Every structure is written in structure tokens, then in C-alpha cells.
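Undergrad: So that we are looking at the same thing, I have put the structure below in C-alpha cells.
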Amino acid sequence: MPGPAAPPDLRARARASGSLVARRALDQPLRRIGIGGAVVLLAVTAAFGGLREQTQDGPEALVLDVPVEVAPFELTVHRVVWTTELPGQYLSDKTNRWVGVVATVRNTTDAGVLGNTLADALTLADVDGLVPRPGSVAPGVVASSIALLEDGSSLNPVQPGLSYEAAFLFEQDGSVPPPTSATVLVQRQTWGSGILDATVSWREPATALRGELDVREARSDADAEGES
């Protein structure tokens with residue numbers, strides 16, 4: 001025969017806690033867990049939010065020209081532009097275009113960091129026709145290349161303590177219109193080893209900031225002077 005049910009006041013506390021586990025436990029005959037066990041279970045589950053699915057705060061809002069610390073970098077996003085011509089950079093199809101996120105990059109560690117880690121730190125989403133780069137586990141689409149604004153050379157490795165003005169370059173299929181907006185995702189990474197890979201490195205990119213930013217066509221200095 002089933003044992004006695006839990007007292008009404010204990011059942012009310014279980015309902016108030018919002019804990020599905022506690023409510024189900026108190027639906028069991030008390031001879032299985034005892035009143036003392038039920039009280040302990042209720043106290044523990046309430047302390048952890050009733051073992052309900054916890055809602056985590058989402059990424060913070062990304063603001064232009066504001067530096068953000070996202071290990072192992074400090075990134076400052078300045079603007080997002082598109083262009084069909086970029087000296088020193090080569091599209092996979094001449095009808096495609098570049099979408100570039102211009103940013104200041106600083107390596108905040110005491111050792112050089114590879115360009116692949118930097119590529120995982122800033123990605124794009126919500127842009128049609130981006131050409132994906134295989135091999136990355138970062139959210140969004142990873143840049144095809146990251147070029148220094150000074151001379152167009154590749155930013156790899158990223159030396160510690162130095163600030164670089166760079167463009168994260170994403171190739172977009174030319175058959176779709178140029179974007180007017182793009183979601184920029186900024187990831188924070190963790191230094192450590194994997195379950196199946198004992199190599200210690202920066203890994204597990206997780207989005208810390210995101211922002212929907214306007215995208216405009218890039219203009220040369222000559223174009224800007226002609227409009228002034």
C-alpha cells in the first residue's frame with residue numbers, strides 16, 4: 001500500500017519553489033523518502049533555482065569605438081564596409097566582394113597568438129552569401145583573412161602588447177546584394193586543453209558581445225576629397 005502523502009504546507013512550499021524535481025518527489029509516498037528527506041530536497045532544489053532550466057544573460061551589446069577585453073585580445077570595432085577591390089587580397093571569384101570589419105587589435109597576453117585564434121575572436125552573422133571558411137568552431141562565419149591596414153599584409157602572428165589596425169575580411173557571393181547591416185560577434189576564448197586533445201591552446205570561443213551594425217560602401221581618400 002502507498003504511504004501517506006506529504007503534508008499540505010510542504011507541498012505548497014514545493015509549488016512555490018517552482019522545482020519540478022521537488023514537486024515530483026513529494027508526489028511519491030513519504031515512506032520512500034521520509035519527511036526529513038523531502039524537506040532537505042526542497043531546500044537544496046530551491047537554493048539552485050528549483051533545478052529549473054537556468055536562463056543565462058546573453059552577450060553584451062557591441063558598441064563602435066569602445067575597447068572590449070575578450071581573452072586573449074582587446075578589440076575595438078570601428079566600422080563595417082564592403083568593397084570589390086582590395087590591393088593584395090584575392091577573391092575566389094572576381095564577381096564577389098569583400099565585407100570588412102575594421103578594428104584595432106591588441107594581444108593582451110605575454111606571448112604571440114596565431115591568426116586562427118584571432119579569426120575566431122570576431123565573426124559575422126546575418127549576412128547573405130558569405131563564403132564560409134572550414135575548420136572553425138566559432139559562432140558565425142569566420143573571416144577569410146585578416147589584413148593590416150598599413151600595408152595589406154596578413155596579421156599573423158599577433159605579437160603581445162602591440163596594437164594593430166586591421167580589417168577582418170569576409171568574402172561575399174557577388175550574386176547577392178551588398179549588405180546594409182551585419183551582426184558582428186565577438187568571442188572570448190579559454191586557455192586549456194581539450195578532452196581528446198592534450199595540446200594547450202586558446203579554444204572554446206564563446207560569444208561575449210554582439211551588435212547589429214550598419215554596413216556602407218568603402219570609399220577611397222580620393223572619393224572622400226571629391227565629395228568635400
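The values are calculated or read from the model by the stated rules, or taken from the named source; none is laboratory data. What you see is a predicted model, and the numbers here were worked out from it, not measured in a lab. Cβ placement follows ideal geometry from the backbone for every residue including glycine, while neighbour counts extend to all protein chains displayed.
Undergrad: So, in region 60-75, of the ones that are within 15 Å of the chain's Cα centre (by Cα) and of a type outside the set (A, V, I, L, M), which residue ends up surrounded by the most Cβ atoms within 10 Å (Cβ to Cβ)?
TA: So the residue we want is PHE73.
Undergrad: Working only within region 141-154, note down all residues that are closer than 20 Å to SER92 by Cα and either in contact with a helix residue (DSSP H, G or I) (Cβ under 7 Å, 6 or more places away or on another chain) or part of a loop (DSSP other than H, G, I, E, B) (or both).
TA: Selection gives VAL142, ALA143, SER144, ILE146, GLY152, SER153, SER154.
Undergrad: Could you tell me which numbered condition SER220 fails, if it satisfies all but one of (1) among the small types (Gly, Ala, Ser); (2) at pLDDT 95 or above; (3) within 23 Å of THR95 (Cβ to Cβ)?
TA: All conditions pass for SER220, except number (2).
Undergrad: Can you name the residue in region 117-137 that is modelled with pLDDT under 95 and buried (at least 16 other Cβ atoms within 10 Å of the Cβ) and, of all such residues, is farthest from PRO179 (Cα to Cα)?
TA: SER136
Undergrad: Would you confirm, using the coordinates I've provided, whether ARG23 is at pLDDT below 95, touching a Leu at 6+ places or on another chain (Cβ under 6 Å), among the basic types (Lys, Arg) and not in a loop (DSSP other than H, G, I, E, B)?
TA: no
Undergrad: Among (1) within 19 Å of ALA218 (Cα to Cα); (2) in contact (Cβ under 8 Å) with a residue 24 or more places away in the chain, there is one condition LEU155 misses while meeting the rest; what is its number?
TA: Of (1) within 19 Å of ALA218 (Cα to Cα); (2) in contact (Cβ under 8 Å) with a residue 24 or more places away in the chain, only one is false for LEU155: (1).
Undergrad: Same structure again: Could you tell me whether GLU85 is farther than 13 Å from ILE146 by Cα, modelled with pLDDT under 95 and loosely packed, with under 15 Cβ neighbours inside 10 Å?
TA: Yes.
Undergrad: Being of a type in the set (D, E, K, R), in a loop (DSSP other than H, G, I, E, B) and within 20 Å of GLY161 (Cα to Cα) is the filter here; which residues of region 57-85 pass it? Walk me through it before giving the result.
TA: Looking only at region 57-85, we keep the residues that are of a type in the set (D, E, K, R), and these are 57, 60, 65, 69, 74, 79, 85.
Subset that is in a loop (DSSP other than H, G, I, E, B): 57, 65, 85.
Matches in region 57-85: ASP65 only.
Undergrad: Just checking, how many residues over region 50-75 are modelled with pLDDT under 95 and either in contact with an Asp or Glu (Cβ under 6 Å, 6 or more places away or on another chain) or of a type in the set (D, E, K, R) (or both)? Quick ask: steps written out before the conclusion?
TA: Pass one, region 50-75, residues modelled with pLDDT under 95: 50-58.
Checking which are either in contact with an Asp or Glu (Cβ under 6 Å, 6 or more places away or on another chain) or of a type in the set (D, E, K, R) (or both) leaves us with 52-53, 57.
Looking only at that region, the number is 3.
Undergrad: Okay, moving on. I'm trying to understand the selection: among the residues of region 184-195, which are polar (S, T, N, Q) and buried (at least 17 other Cβ atoms within 10 Å of the Cβ)?
TA: Passing the criteria: GLN187, GLN189.
Undergrad: Determine if region 145-155 includes at least one residue that is assigned by TED's automatic domain parsing to the domain that holds VAL77, of a type outside the set (Phe, Trp, Tyr) and within 19 Å of the chain's Cα centre (by Cα).
TA: yes
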